[in-house]
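Some notes on the structure that comes next.
The values are calculated or read from the model by the stated rules, or taken from the named source; none is laboratory data. Because the structure is predicted, anything quoted here is derived from the model rather than measured. Cβ coordinates were reconstructed from backbone atoms using ideal geometry, including for glycine residues, and neighbour counts include every protein chain displayed.
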Amino acid sequence: MRTLAAILLVTAITGSRLEAQYDRRYEVGLFGAFTKYDKTFGLADKIGGGVRFSYAVTPMIGLEVEALFQSPQDVTASTQIEPMIGAGSLVINTLNASRMTIYVLGGYSRLDFGATNPYRFTDGGFHGGAGAKFYMSSRFALRFEARGIYTPQTNSTFGQKATHLVASAGFAFFQPDAAPAADADHDGVADKNDACPDTPRGATVDKRGCPADADGDGVLNGIDACPNTPTGATVDATGCPHDQDGDKVFDGIDQCPDTPAGVAVDAKGCPIAAAAAAAPAGPADSDGDGVNDLLDKCPDTPAGAKVDATGCPIDSDHDGVWDGLDKCPDTPPGATVDASGCPSDSDGDKVFDGIDRCPNTPPGTPVDAFGCPADTDKDGVPDSLDKCPNTPVGIQVDANGCPIEHDTDGDGVVDSQDRCPNTPPGSRVDQFGCLLLFEERAVTPAPPGAPPARPTLILQGVNFQTGRSVLTASSYAVLDQVAASLVANPEIRIEIAGYTDSTGSKLTNMRLSMGRAGAVQHYLARKGVSPMRMKARGFGASGYIASNKTPDGRAQNRRVELHKLN
């Protein structure tokens, strides 16, 4: 019991130092060891080496595992064994200093003697010991230890129990110390958590890092050598009040600071009536402000107002109500106040009248620092009415604060419904904003025996390289619009018809017209139009729409048409 009491006493004394050890939470060690086996085992004392790993659960308690490997030793003329010891321990730090730790430990050990008779067995046992660590730096220490291993029931044929001794010396390595949190004002609160980062040194602070001034004398707690100074007393840099005339009423409270020594005074520091009657008459003070009429530059000061050394009233918050009469002495500049110096808030938005630029804000409306309805997204609609409060800056909004629908390409279909948003100006479009390929109109009945007339679109601007079926780059814009319209109207099926002028042989023209129709079909398919909705045909020089006798007429006849099939 005396030993345990001594350990607890030492631990209590060094408790603050335990934190340093706790900072070295993870330890990895390398060590050499000397093992003295139980005499009944008939083994020589051997040196060996091992490794260990420790973790500090608390500043006082840690957990540790280790493995010890022995050097080989002969057991017969032709065989050797290499014993190994593994252990798990509970470590208790009984003493921690800045450069040294003393500890005790206990736990369970496992001894493996190999696979050679008569040492083909493994024992379990309990161990206990003590040791010390000597810190060379925050990350490195020398460690020395001694322990005993007791096996209450050995598995060997040498006896029923055994005791082994192990002494070790080695090195311990720790993780780097955590970098201390920055604390610019040295008040014990890290800068990242410090709400008052410029606290004077020595001031007492709360958990937010802010100082207090319990007696309200302007000197912070911790620096204030006189923490219970009465309110209103004048104090020096240490927070202690003065009593210039020695009447035991502190300066600042003393309304008669020049009272002669020995004269009885009242709580205000002024001579009491009896004493005043016996004393010579002093200078008059008509307005009772503590400044005699000879020095008083403001002889009509209202009763109760605080005055400066010249007898003139002070108005610290510049609200027009003198200090001493002002019940709200910290009114913000510009606020409208009543006769007592307190500001009013007519609309109850917590922004004082006089500062409030919107004095009639409806109750419950969130306001900014000027008392006007808050408009977080700056769209001109107050947050209380804004149904779309996160509108990007610059977007035109309606009365509810929501973006007004736009029609970027000016085709009469708003962007949110426009499936073809880049229709060329002036294009006729359908309800989806896509190029109107086939307009519905009255069709003249076909003559008897002739095929019925089909809605047809001539692809103006779709051109090919001379004498080839390769599309020119200028054709892509037209075909892109056609493809977008077909994708937006999936029910339409079309025939792509190619035509040539009468120049060249009939076979050549037929092959060329078919190739050109196929080129248009392939382009539209790449743009998302299903090939199942399209078929391509070449008609050669047939079906001309202008005379083939003029260059202009032949140019019109070289064309690709879309025929609506349904």
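Of note:
- Scan of segment 182-212 for residues that are out of contact with any helix residue (DSSP H, G or I) (no Cβ under 7 Å at 6 or more places or on another chain), part of a loop (DSSP other than H, G, I, E, B) and without any contact (Cβ under 8 Å) to a residue 12 or more places away in the chain, ordered by number: Ala190, Asp206, Ala212
- Any chance Ala172 is under 49 Å from the mean Cα position of the chain (by Cα), buried (at least 19 other Cβ atoms within 10 Å of the Cβ) and at pLDDT 85 or above: yes
- Evaluation of Asp266 against the conditions (1) at pLDDT 85 or above; (2) out of contact with any strand residue (DSSP E or B) (no Cβ under 6 Å at 6 or more places or on another chain) shows that the sole unmet condition is (1).
- Test: residue in segment 302-319 that is part of a loop (DSSP other than H, G, I, E, B), in contact with a Leu (Cβ under 6 Å, 6 or more places away or on another chain) and either closer than 30 Å to Gly288 by Cβ or small (Gly, Ala, Ser) (or both): yes
For every residue, the table says whether it meets (1) surrounded by 15 or more Cβ atoms within 10 Å (Cβ to Cβ); (2) more than 57 Å from the chain's Cα centre (by Cα); (3) not in a loop (DSSP other than H, G, I, E, B).
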site	(1), (2), (3)
Gly124	no, no, yes
Gly129	yes, no, yes
Glu145	yes, no, yes
Gln153	no, yes, no
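- Meets criteria (touching a Ser or Thr at 6+ places or on another chain (Cβ under 6 Å) and not acidic (Asp, Glu)) for Phe158: yes
- Checking Val478, Val487, Val462 one by one, the residue that is under 20 Å from Asn422 (Cα atoms), part of a helix (DSSP H, G or I) and touching a residue at least 24 places away in the same chain (Cβ under 8 Å) is Val487 and no other.
- Residue that is surrounded by 11 or more Cβ atoms within 10 Å (Cβ to Cβ) and closer than 20 Å to Gly334 by Cα, where the choices are Asp383, Asp368: Asp368
- For segment 149-167, the set of residues classified as more than 13 Å from Arg110 (Cα to Cα) and free of Cβ contacts under 8 Å to residues at least 60 places away in the same chain consists of Thr157, Gln160, Lys161, listed by residue number.
Each row is one residue, and each column tells you yes or no for (1) on the phi > 0 side of the Ramachandran plot; (2) among the β-branched types (Val, Ile, Thr); (3) outside the structural domain of Ser469 (by TED's automatic domain parsing); (4) not in a strand (DSSP E or B).
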residue: Gly498; (1), (2), (3), (4): no, no, no, no
residue: Arg511; (1), (2), (3), (4): no, no, no, yes
residue: Ala517; (1), (2), (3), (4): no, no, no, yes
residue: His522; (1), (2), (3), (4): no, no, no, yes
residue: Val529; (1), (2), (3), (4): no, yes, no, yes
residue: Arg537; (1), (2), (3), (4): no, no, no, no
residue: Ala541; (1), (2), (3), (4): no, no, no, yes
residue: Lys549; (1), (2), (3), (4): no, no, no, yes
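- Criterion (in the same structural domain as Leu165 (by TED's automatic domain parsing), loosely packed, with under 15 Cβ neighbours inside 10 Å and either at pLDDT below 90 or in a strand (DSSP E or B) (or both)) met by exactly one of Leu18, Leu90, Leu43, Leu95: Leu90
- Matching residues, segment 500-509, being surrounded by 17 or more Cβ atoms within 10 Å (Cβ to Cβ) and part of a helix (DSSP H, G or I): Asn509
Residues are listed down the side, and each one gets a yes or a no for (1) touching a Cys at 6+ places or on another chain (Cβ under 6 Å); (2) closer than 30 Å to Ala484 by Cα; (3) outside the structural domain of Val478 (by TED's automatic domain parsing):
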residue: Arg357; (1), (2), (3): yes, no, yes
residue: Thr361; (1), (2), (3): no, no, yes
residue: Gly371; (1), (2), (3): yes, no, yes
residue: Asp379; (1), (2), (3): no, no, yes
residue: Pro392; (1), (2), (3): no, yes, yes
residue: Gly401; (1), (2), (3): yes, no, yes
residue: Asp407; (1), (2), (3): no, yes, yes
residue: Gly410; (1), (2), (3): no, yes, yes
residue: Gly433; (1), (2), (3): yes, yes, yes
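- If you go through segment 98-122 and keep only what is over 18 Å from Gly49 (Cα atoms), assigned to a strand (DSSP E or B) and among the hydroxyl-bearing types (Ser, Thr, Tyr), you end up with Thr101, Tyr103, Tyr108, Thr122.
- Hits in segment 330-365 - residues which are within 30 Å of Pro302 (Cβ to Cβ), surrounded by fewer than 19 Cβ atoms within 10 Å (Cβ to Cβ) and under 35 Å from the mean Cα position of the chain (by Cα): Pro332, Ile355
- Breaking point among (1) surrounded by fewer than 17 Cβ atoms within 10 Å (Cβ to Cβ); (2) within 58 Å of the chain's Cα centre (by Cα); (3) in a loop (DSSP other than H, G, I, E, B); (4) not polar (S, T, N, Q), for Ile492: (1)
- Note on segment 337-348: among residues that are more than 22 Å from Gly364 (Cα to Cα) and in a loop (DSSP other than H, G, I, E, B), the one that is modelled with the highest pLDDT is Cys342.
- Residue selection: Thr456 fails the criterion of being among the hydroxyl-bearing types (Ser, Thr, Tyr) and at pLDDT below 80.
- Note on segment 472-487: among residues that are at pLDDT 90 or above and aliphatic (A, V, I, L, M), the one that is surrounded by the fewest Cβ atoms within 10 Å (Cβ to Cβ) is Ala473.
- Some residue of segment 103-113 being surrounded by fewer than 15 Cβ atoms within 10 Å (Cβ to Cβ), of a type outside the set (Asp, Glu) and modelled with pLDDT under 95: no
- Some residue of segment 362-369 being assigned to a loop (DSSP other than H, G, I, E, B), under 29 Å from Ser316 (Cα atoms) and out of contact with any strand residue (DSSP E or B) (no Cβ under 9 Å at 6 or more places or on another chain): yes
- Hits in segment 522-546 (condition: farther than 12 Å from Leu486 by Cα and β-branched (Val, Ile, Thr)): Ile545
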